[in-house]
1. Taking N as the number of residues in the stretch 9-118, what value does Rg over Cα atoms divided by 2.2 N^0.38 Å take?
2. Going by the alpha-carbon gyration tensor, a ≥ b ≥ c the square roots of its eigenvalues, is the stretch 75-122 rounded (a/c under 1.5) or, if a/c is not under 1.5, prolate (a/b greater than b/c) versus oblate?
3. Please calculate how many Å² of accessible area the stretch 1-127 carries per residue, with a 1.4 Å probe and no DNA, RNA or ligand atoms counted.
4. Taking all protein chains in place and a 1.4 Å probe, what share, in percent, of the accessible surface of the stretch 35-137 do carbon and sulfur account for?
5. Among the lysines, select those whose C-alpha is under 23 Å from the C-alpha of LYS62, and discard any that sit fewer than 8 residues away in the same chain.
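The values are calculated or read from the model by the stated rules, or taken from the named source; none is laboratory data. Fair warning: this is a prediction, and the values are worked out from it, not measured in the lab. Accessible surface areas use protein heavy atoms only, side chains included; no ligands, DNA or RNA. Shrake-Rupley method; radii C 1.70, N 1.55, O 1.52, S 1.80 Å.
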Amino acid sequence: MVMLNGQGVPVRAMYGGLPGPVQTVGRAERHAAWQAIRAAPKVETIVTDLKGLVVEAESWSKQMAKASGKHATIWRAMFWEVEEQGREPPAFRWTPAHLTMKEAMARGVRVTDWLGNQWADCFAKMGANLIKVEDHIVNGDEYEACRGHLQGEVRSLDLPARQHHEEMGRP
């Protein structure tokens, strides 16, 4: 999860392993959206490169929070957070991933969306390095003994940005 100021510079980032042993892109993107809602109650738009998340969020349906939902736990947390904040859910917008700036501009991608995606990918790689487990451990008997490493830790990085904090209604 990365928050940018008006100039496209990160002012806050959270990265690291997800809670529990299941570490997937889909869970990570949804978890990041939840963390954005928690960290910035005034967030109006969440930009992601996962189309499935945007499609789900556009419906903002409690169906996704039912036990049969693939990411029900995260959706329940998002719904609860929005209700607790007494606000409307944020808008979700898709941006294509892994484009050069030239490619993004040619496709009409917003500069801030492209920058945010670049920063998010950078922090995701940093987070993945925090929980990397060597192949011989994953493929061998040592898996259970090292399972805790898969859960990693979440790190938060606040960068100096008085203007951003003021824009988000935070001290």
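1. My calculation over the Cα atoms of the stretch 9-118 gives 1.10.
2. Values: a/c = 3.76, a/b = 2.69, b/c = 1.40.
Here the stretch 75-122 falls in the prolate category.
3. 53
4. Solvent-exposed carbon and sulfur of the stretch 35-137 make up 55 percent of the total.
5. Partners found: LYS42, LYS51, LYS70.
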